Amino acid sequence: MDTYLKENFQSVEARIQAACDRAGRSRKEVTLIAVSKTKPVEMLQTIYDAGSRDFGENKVQEMCDKIEQLPTDIRWHMIGHLQTNKVKYIVGRVSLIHSVDSLHLAQEIEKQAAKLDVIVPILIEVNIAEEESKFGIHKEETISLVREVAALPHIRIQGLMTIAPYVENPEDNRAYFRGIKQLSVDIARENIDNVSMDCLSMGMTGDYEVAIEEGATMVRVGTGIFGERNYNQ
Ligand SMILES: *Cc1c(COP(=O)(O)O)cnc(C)c1O
């Protein structure tokens with residue numbers, strides 16, 4: 001199991017490097033987030049030992065359990081839809097919340113962050129393909145949400161996140177990745193106080209290489225590292 005996981009990790013690493021080379025980008029510009037949801041801590045430890053310090057989870061309880069069992073230098077990324085009543089459990093413990101898509105949620109993060117006197121880095125999640133089934137704000141509404149959230153003193157917007165549609169051919173998502181990159185450039189140009197557009201979290205197992213070619217600074221890879229997920233366990 002160990003060897004198999006490490007080989008997966010190294011092969012993802014090699015493909016990231018190749019995509020960076022094709023795009024004329026430095027490998028340092030792209031953070032690989034190992035998406036470990038549903039996977040046991042032993043597997044996370046193996047990937048940690050292989051060199052990863054960034055892990056992504058989509059459920060608050062599962063993330064908190066794992067935080068307690070794994071090394072303290074891990075950067076935890078909340079990538080799943082976040083309910084307001086769960087915010088208090090992760091503020092101060094996660095290094096980035098990728099999935100902020102409403103003022104209501106941002107206000108709750110602000111409230112909890114103020115209590116702890118911490119600043120919480122977040123990304124705004126955009127539903128770039130306007131899929132009914134997905135969370136995220138529509139492209140047209142993004143800038144007004146960014147302005148509203150930017151006014152909250154304990155939150156720092158670092159960029160945008162998107163979950164592209166599930167496709168067989170990753171090329172089918174290239175236009176979406178390009179679109180969200182453009183959106184981030186447009187927002188950056190507005191020079192809104194407390195807002196940076198340095199992070200672009202996009203690309204998963206099926207399409208992370210195309211995402212890197214289009215400007216991703218964070219790719220979220222689960223299956224490609226840990227193998228298929230079994231939700232029935
Ligand atoms: C599960 C998940 C991923 C990883 O998906 P894979 O296709 O397994 O790489 C990435 N981003 C989000 C938001 C996820 O929920």
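The values are calculated or read from the model by the stated rules, or taken from the named source; none is laboratory data. All values reported here derive from a predicted model rather than from experimental measurement. Every residue, glycine as well, gets a Cβ built from its backbone with ideal geometry; the counts of neighbours run over all protein chains shown. Please note that ligands, DNA and RNA were not included when accessible areas were found on the heavy atoms of the full protein model with its side chains. Shrake-Rupley method; radii C 1.70, N 1.55, O 1.52, S 1.80 Å.
I'd like to check something: does the range 174-188 contain any residue that is of a type in the set (Val, Ile, Thr) and either on the phi > 0 side of the Ramachandran plot or in contact with a helix residue (DSSP H, G or I) (Cβ under 7 Å, 6 or more places away or on another chain) (or both)? Talk me through it step by step, then tell me what you get.
Within the range 174-188, the subset of a type in the set (Val, Ile, Thr) is 180, 185, 187.
Those still in the list that are either on the phi > 0 side of the Ramachandran plot or in contact with a helix residue (DSSP H, G or I) (Cβ under 7 Å, 6 or more places away or on another chain) (or both) too: 187.
There is at least one residue in the range 174-188 that is of a type in the set (Val, Ile, Thr) and either on the phi > 0 side of the Ramachandran plot or in contact with a helix residue (DSSP H, G or I) (Cβ under 7 Å, 6 or more places away or on another chain) (or both).
Take residues that are in contact with a Ser or Thr (Cβ under 7 Å, 6 or more places away or on another chain), among the aliphatic types (A, V, I, L, M) and closer than 29 Å to Arg53 by Cα and tell me which of the strands (runs of 3 or more DSSP E) falling wholly in the range 86-197 contain 2 or more.
Counting at least 2 such residues, we get 120-126, 155-162.
Quick check on this structure: which one of Ala151, Ala175 is away from the ligand (no atom under 16 Å from the Cβ), among the aliphatic types (A, V, I, L, M), over 26 Å from Glu108 (Cβ atoms) and open to solvent by 10 Å² or more (accessible area, probe 1.4 Å)?
Every option except Ala175 fails the conditions.
Exactly one condition in (1) among the basic types (Lys, Arg); (2) within 12 Å of the ligand (Cβ to nearest atom); (3) under 15 Å from Leu123 (Cα atoms) is not met by Arg229; state its number.
The single condition Arg229 does not satisfy is (3).
Can you tell which of Leu123, Leu116, Leu96, Leu44 is exposed (fewer than 14 other Cβ atoms within 10 Å of the Cβ) and out of contact with any helix residue (DSSP H, G or I) (no Cβ under 6 Å at 6 or more places or on another chain)?
Testing whether each residue is exposed (fewer than 14 other Cβ atoms within 10 Å of the Cβ) and out of contact with any helix residue (DSSP H, G or I) (no Cβ under 6 Å at 6 or more places or on another chain) leaves just Leu116.
May I ask you to verify whether Thr31 is of a type in the set (Val, Ile, Thr) and closer than 30 Å to Gln107 by Cβ?
yes
Got a number for residues in the range 5-48 being of a type outside the set (S, T, N, Q) and without any contact (Cβ under 8 Å) to a residue 40 or more places away in the chain?
The total comes to 12.
Touching a Pro at 6+ places or on another chain (Cβ under 8 Å), without any contact (Cβ under 8 Å) to a residue 40 or more places away in the chain and buried (at least 21 other Cβ atoms within 10 Å of the Cβ) - does that describe any residue in the range 129-144? Let's see the steps before the verdict.
Filtering the range 129-144 down to residues touching a Pro at 6+ places or on another chain (Cβ under 8 Å) leaves 129, 131.
If we keep only those that are without any contact (Cβ under 8 Å) to a residue 40 or more places away in the chain as well, we get 131.
After this cut, where a residue has to be buried (at least 21 other Cβ atoms within 10 Å of the Cβ) as well, the list is none.
So far as the range 129-144 goes, no, none of its residues is touching a Pro at 6+ places or on another chain (Cβ under 8 Å), without any contact (Cβ under 8 Å) to a residue 40 or more places away in the chain and buried (at least 21 other Cβ atoms within 10 Å of the Cβ).
Name the residues in the range 178-210 that are open to solvent by 70 Å² or more (accessible area, probe 1.4 Å), in contact (Cβ under 8 Å) with a residue 12 or more places away in the chain and more than 16 Å from the ligand (Cβ to nearest atom), would you? Walk me through it before giving the result.
Initial filter on the range 178-210 (open to solvent by 70 Å² or more (accessible area, probe 1.4 Å)): 178, 181-182, 189-191, 193-194, 198, 204.
Retained after the next criterion (residues that are in contact (Cβ under 8 Å) with a residue 12 or more places away in the chain): 178, 181, 190, 193-194, 198, 204.
Once the filter is applied, which keeps residues that are open to solvent by 70 Å² or more (accessible area, probe 1.4 Å), in contact (Cβ under 8 Å) with a residue 12 or more places away in the chain and more than 16 Å from the ligand (Cβ to nearest atom), the range 178-210 yields Arg178, Lys181, Glu190, Asp193, Asn194, Asp198.
Scan Glu110, Glu125 and give me the residue that is among the acidic types (Asp, Glu) and within 12 Å of the chain's Cα centre (by Cα). Talk me through it step by step, then tell me what you get.
Details: Glu110 fails: within 12 Å of the chain's Cα centre (by Cα).
It is Glu125.
Would you please name the residue that is farthest from the ligand (Cβ to nearest atom), looking only at residues in the range 56-70 that are within 22 Å of Ala106 (Cα to Cα) and of a type outside the set (Val, Ile, Thr)?
Looking at the filtered set, the residue picked out is Cys64.
Which residue out of Leu5, Leu32 is part of a helix (DSSP H, G or I), modelled with pLDDT of 95 or more and either over 22 Å from Ala211 (Cβ atoms) or within 16 Å of the ligand (Cβ to nearest atom) (or both)?
Among Leu5, Leu32, only Leu5 is part of a helix (DSSP H, G or I), modelled with pLDDT of 95 or more and either over 22 Å from Ala211 (Cβ atoms) or within 16 Å of the ligand (Cβ to nearest atom) (or both).
Would you mind stating whether Asp73 is more than 14 Å from the ligand (Cβ to nearest atom), out of contact with any helix residue (DSSP H, G or I) (no Cβ under 8 Å at 6 or more places or on another chain), open to solvent by 20 Å² or more (accessible area, probe 1.4 Å) and assigned to a loop (DSSP other than H, G, I, E, B)? Explain how you work it out, then say what you get.
Values: more than 14 Å from the ligand (Cβ to nearest atom): yes; out of contact with any helix residue (DSSP H, G or I) (no Cβ under 8 Å at 6 or more places or on another chain): yes; open to solvent by 20 Å² or more (accessible area, probe 1.4 Å): yes; assigned to a loop (DSSP other than H, G, I, E, B): yes.
For Asp73, the condition - more than 14 Å from the ligand (Cβ to nearest atom), out of contact with any helix residue (DSSP H, G or I) (no Cβ under 8 Å at 6 or more places or on another chain), open to solvent by 20 Å² or more (accessible area, probe 1.4 Å) and assigned to a loop (DSSP other than H, G, I, E, B) - is met.
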